[in-house]
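Enquirer: Before anything else, here's the structure in question.
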There are 2 protein chains.
Amino acid sequence: MSTLKNDLLLKAALGLPTNRTPVWLMRQAGRILPEYRAVRSKFDGFKSFVKNPEAAAEVTIQPVDILGVDAAIIFSDILVVPEAMGCDYQMEEKKGPYFPKTIENEDDIHALSIEIETSLTYVLDAIKITKKALNNRVPLIGFAGAPWTIFAYMTEGSGSKTFTKARAWLYQKPELSHLLLQKITSATITYLKAQVASGADLIQIFDSWAGILSPALHREFSQQYIAQICNALQPLAPVTVFGKGAHHAIEETALLNCNVIGIDWNMEPLEARKLGGNKTLQGNLDPCALFAPNEEIKRLVKTMIDQFGTQRYIANLGHGVYPETDKEKVKYFIENVKEYSANLVAKNNLIISA
Amino acid sequence: MSTLKNDLLLKAALGLPTNRTPVWLMRQAGRILPEYRAVRSKFDGFKSFVKNPEAAAEVTIQPVDILGVDAAIIFSDILVVPEAMGCDYQMEEKKGPYFPKTIENEDDIHALSIEIETSLTYVLDAIKITKKALNNRVPLIGFAGAPWTIFAYMTEGSGSKTFTKARAWLYQKPELSHLLLQKITSATITYLKAQVASGADLIQIFDSWAGILSPALHREFSQQYIAQICNALQPLAPVTVFGKGAHHAIEETALLNCNVIGIDWNMEPLEARKLGGNKTLQGNLDPCALFAPNEEIKRLVKTMIDQFGTQRYIANLGHGVYPETDKEKVKYFIENVKEYSANLVAKNNLIISA
């Protein structure tokens, strides 16, 4: 189906049989590896690092070489989109992102650009360099934030437990909220199409702040914009939708033109299967479980795969890997997924496509 | 059923018919009222304020007088329990709680006291003063944090988005975790029994950090300790269990010896009814909705009551009211619950017990 030597992730995403469960980790590039920190230390700030295509490509490939994951995900940040639209951010060490000037009114929205492709050449270049260096070993995942999550940062101005200012927009200025969300959506579609054209094999949409919306607000201000992105992208590449905390939206996400639904660690795999229709599911080990002794990690991987099943399934954590995680534990997790799922497939005598 | 002039909350908690839906707000005492801030300003720090029974009683009663809520909730903090056990905290303005010395090992756990009643006389005195001053106008709610939430602060040392250190305990030191959780549970039961003996008419258990646990961890490290508290307290007073973010636990909570299940704003009322058995439900308007125009608040209240129904229901927000909320909006919310639910009961010709 492709020139990829390891196409397990794409097969699983498309619902095709696999001889074991593919595995990768959210945030696998750019958090846990000493090899990453060595590259990172050559740059003054996070942003100069992110904007260097060679460095981004290098840390993107590291987990494939070092950890043995079944996919690479381009090293970048969801906030490059608001920046390219004209809403600049700063990344403060240990404090997270900060927007000196938030979006306050209609004029601010009209001033935003949706023609962001040229401002993001550095990401597209990083994808091209990575693709070449990967030499078809594994697929490359491209990504963007979901429009609601980007909106939340642009209006709130920083991370927050409650994003009160962002959510107040939805209640106080619903029309303006839709105007801004539509602009973010249009820009994101342009950006993701360019990622695919540059070589991304699969696209993941991260709705990191989906979980702070009520089901009704989520439907009105998040889901319909994700749907637009799925409709535009799925003809070009498989699409994964990961709405962290949006347990109530799984059934609705199963109706979208996406291929994979990301599941966080707050949901039982059996429940996710019940609600997720025939979509491929991705997740959902608690990132904190990688602090457990090996024996417990082995047990948790077994339970997870027993419940999700080996097919139409991509093993992952339920959120990004925590920075302080020991890379040996990550390797142990990955090896266990591979070994246990392969044995289970063999045992169940599943038919494997060549 | 009691000498209370307004016993709507207790009737609803016990599943008895009411001629309208009772309403109160989590954090109604101690956040939004200028009258609260006037009392608060007389004290140097949060802790000297909390430890003054007269002042605590005064701000407890303010929302009854000013907002017209159907219950008072004693002004205090869930962290008075770890402090009384010997694990001291500091409350930093705008930064939240901070524990200079966290629980690290078995010795630390053995050093903790569970005979905390005498250390918490100030809360019991505040309850007695409040009861007298309320003069049976409305019921008084007592409360405590759920053992897992208290454990999370004692081991993490501060608030956190992920409570990684606290959750790592559960994976790395499960036996010690159970030892600490059991001590917190025993102390909490002593404390809540004393609250009831001092005059609290209903008890609410706040599991504020339930939502960061996987369903399996929640079952093992949170739910069973909440169950112990319910078993000990329900013979004395009705009990409400509020596990924020623990959408997966509603069905299991419905099997506990509690009377009311608190629902956050991430769950649809119809879904909560489906999973909540025959328990009374409490919640769940998004606190952010109180930033909306009045017309929208009216619409949201109507939808909420239509979905929960007027009976076996206590109207509330889905979490604590936000500090910056306009008190006129809070009053509008309360008035709308009262008026709309009363009309609906009358319309449906429900039989009202005298």
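Enquirer: Scan region B:325-344 residue by residue and report those that are aliphatic (A, V, I, L, M) and closer than 21 Å to B:Q311 by Cα.
Expert: Once the filter is applied, which keeps residues that are aliphatic (A, V, I, L, M) and closer than 21 Å to B:Q311 by Cα, region B:325-344 yields B:I334, B:V337, B:A342, B:L344.
Enquirer: Hey, another quick one. Going through region A:264-281 one residue at a time, which ones are in contact with a Pro (Cβ under 8 Å, 6 or more places away or on another chain) and more than 11 Å from chain B (Cβ to nearest Cβ)?
Expert: Hit for region A:264-281 is A:L281, nothing else.
Enquirer: Condition test on A:V64, is it aliphatic (A, V, I, L, M) and more than 19 Å from the chain's Cα centre (by Cα)?
Expert: No, not satisfied.
Enquirer: Now a separate question. For the condition part of a strand (DSSP E or B) and of a type in the set (G, A, S), what is the one hit in B:A289, B:A342, B:A315?
Expert: B:A315
Enquirer: On to the next question. Assuming B:G45 fulfils every condition listed in (1) surrounded by fewer than 24 Cβ atoms within 10 Å (Cβ to Cβ); (2) out of contact with any Ser or Thr (no Cβ under 7 Å at 6 or more places or on another chain); (3) under 20 Å from B:P238 (Cα atoms) apart from one, which condition is it?
Expert: So the condition that B:G45 fails would be (3).
Enquirer: Considering B:V330, B:V241, which residue is in a strand (DSSP E or B), in contact with a Leu (Cβ under 7 Å, 6 or more places away or on another chain) and either of a type outside the set (D, E, K, R) or away from chain A (no Cβ under 14 Å) (or both)? If you could, list the steps in order and put the result at the bottom.
Expert: On the way: B:V330 fails: in a strand (DSSP E or B).
One residue alone meets the criteria, B:V241.
Enquirer: Which of (1) part of a helix (DSSP H, G or I); (2) touching a residue at least 60 places away in the same chain (Cβ under 8 Å); (3) within 8 Å of another protein chain (Cβ to nearest Cβ) does A:Y322 not meet, given it meets every other one?
Expert: (1)
Enquirer: Now for a different question. Restrict the check to region A:54-67 and report whether at least one residue is touching a Lys or Arg at 6+ places or on another chain (Cβ under 9 Å) and assigned to a loop (DSSP other than H, G, I, E, B).
Expert: no
Enquirer: For the subset of region A:160-169 comprising residues that are within 8 Å of chain B (Cβ to nearest Cβ) and touching a residue at least 12 places away in the same chain (Cβ under 8 Å), which member is surrounded by the most Cβ atoms within 10 Å (Cβ to Cβ)? So that I can check it myself, show each step before the final result.
Expert: Start the filter on region A:160-169 by keeping residues that are within 8 Å of chain B (Cβ to nearest Cβ), which leaves A:161-162, A:164, A:167-168.
Subsequent filtering for residues that are touching a residue at least 12 places away in the same chain (Cβ under 8 Å) retains A:162, A:167.
Numbers: A:T162: 13, A:R167: 27.
Only one residue tops the list, namely A:R167.
Enquirer: Now a separate question. Name the single residue that is nearest to the chain's Cα centre (by Cα) among those in region B:251-263 being within 18 Å of B:V337 (Cβ to Cβ) and either within 14 Å of chain A (Cβ to nearest Cβ) or not hydrophobic (A, V, I, L, M, F, W, C) (or both).
Expert: Keep residues of region B:251-263 that are within 18 Å of B:V337 (Cβ to Cβ), which gives B:260, B:262-263.
Narrowing the set further to residues that are either within 14 Å of chain A (Cβ to nearest Cβ) or not hydrophobic (A, V, I, L, M, F, W, C) (or both) leaves B:262-263.
Values: B:G262: 8, B:I263: 11 Å.
Result: B:G262.
Enquirer: Given the condition of a type in the set (G, A, S), at pLDDT 95 or above and touching a Leu at 6+ places or on another chain (Cβ under 8 Å), answer yes or no: does some residue in region A:302-309 qualify? Explain how you work it out, then say what you get.
Expert: Residues of region A:302-309 of a type in the set (G, A, S): A:309.
Next, only the ones that are at pLDDT 95 or above stay: A:309.
Checking the rest, the ones that are also touching a Leu at 6+ places or on another chain (Cβ under 8 Å) come to none.
Looking through region A:302-309, none of the residues is of a type in the set (G, A, S), at pLDDT 95 or above and touching a Leu at 6+ places or on another chain (Cβ under 8 Å).
Enquirer: Please identify the pairs in which a residue from region B:131-143 that is surrounded by fewer than 20 Cβ atoms within 10 Å (Cβ to Cβ) has its Cβ atom under 8 Å from the Cβ atom of a residue that is part of a loop (DSSP other than H, G, I, E, B) and β-branched (V, I, T), counting only partners at least 6 apart or on another chain.
Expert: Sorted first by the residue in region B:131-143, then by its partner, the pairs are B:N136/B:T3.
Enquirer: Within region B:239-263, can you find the residues that are out of contact with any helix residue (DSSP H, G or I) (no Cβ under 8 Å at 6 or more places or on another chain) and surrounded by fewer than 22 Cβ atoms within 10 Å (Cβ to Cβ)?
Expert: Passing the criteria: only B:L255.
Enquirer: Sticking with this one: Can you name the number of the only condition in (1) within 18 Å of B:I229 (Cα to Cα); (2) surrounded by 24 or more Cβ atoms within 10 Å (Cβ to Cβ); (3) of a type in the set (V, I, T) that B:T155 fails?
Expert: (1)
Enquirer: Filter region A:300-319 down to the residues that are within 11 Å of another protein chain (Cβ to nearest Cβ) and either surrounded by fewer than 20 Cβ atoms within 10 Å (Cβ to Cβ) or over 24 Å from A:E252 (Cα atoms) (or both) and list them by number.
Expert: A:L300, A:T303, A:Q307
Enquirer: Can you name every residue in region A:188-233 that is within 14 Å of another protein chain (Cβ to nearest Cβ), within 22 Å of A:S113 (Cα to Cα) and part of a helix (DSSP H, G or I)?
Expert: A:F221, A:S222
Enquirer: A:I261 passes all but one of (1) under 26 Å from B:P215 (Cα atoms); (2) part of a strand (DSSP E or B); (3) in contact (Cβ under 8 Å) with a residue 60 or more places away in the chain; (4) of a type outside the set (D, E, K, R); which number fails?
Expert: (3) is the only condition that A:I261 fails.
Enquirer: Considering only residues that are without any contact (Cβ under 8 Å) to a residue 12 or more places away in the chain and closer than 19 Å to A:S48 by Cα, look in region A:96-130 and name the one that is surrounded by the most Cβ atoms within 10 Å (Cβ to Cβ).
Expert: A:T121
Enquirer: Follow-up. Please state which one of B:R27, B:R20, B:R40 is out of contact with any Lys or Arg (no Cβ under 7 Å at 6 or more places or on another chain) and touching a residue at least 40 places away in the same chain (Cβ under 8 Å).
Expert: None of the other options fit; the residue is B:R27.
Enquirer: Then there's this: Take the residues in region A:282-294 that are more than 7 Å from every other protein chain (Cβ to nearest Cβ) and closer than 17 Å to A:T325 by Cβ; name whichever of them is nearest to the chain's Cα centre (by Cα).
Expert: Filtering region A:282-294 down to residues more than 7 Å from every other protein chain (Cβ to nearest Cβ) leaves A:282-285, A:287, A:290, A:293-294.
Filter again for closer than 17 Å to A:T325 by Cβ, leaving A:283-285, A:287, A:290, A:293-294.
On the way: A:G283: 11, A:N284: 13, A:L285: 15, A:P287: 15, A:L290: 19, A:P293: 27, A:N294: 26 Å.
Here the answer is A:G283.
Enquirer: Taking B:D65 as the residue in question, decide whether it is within 23 Å of B:K42 (Cα to Cα) and at pLDDT 95 or above.
Expert: So B:D65 fits the description; yes.
Enquirer: Follow-up. Output the residues belonging to region A:215-236 that are among the small types (G, A, S) and surrounded by 24 or more Cβ atoms within 10 Å (Cβ to Cβ).
Expert: Within region A:215-236, A:S222 is the sole residue that qualifies.
Enquirer: Could you check how many residues of region B:171-184 are within 8 Å of another protein chain (Cβ to nearest Cβ) and surrounded by 15 or more Cβ atoms within 10 Å (Cβ to Cβ)?
Expert: The number of residues fulfilling the criteria is 1.
The values are calculated or read from the model by the stated rules, or taken from the named source; none is laboratory data. In this text the structure is predicted, and so the values were computed from the model without any measurement. So basically every Cβ, Gly included, is an ideal-geometry build from the backbone, and we count neighbours across all protein chains shown.
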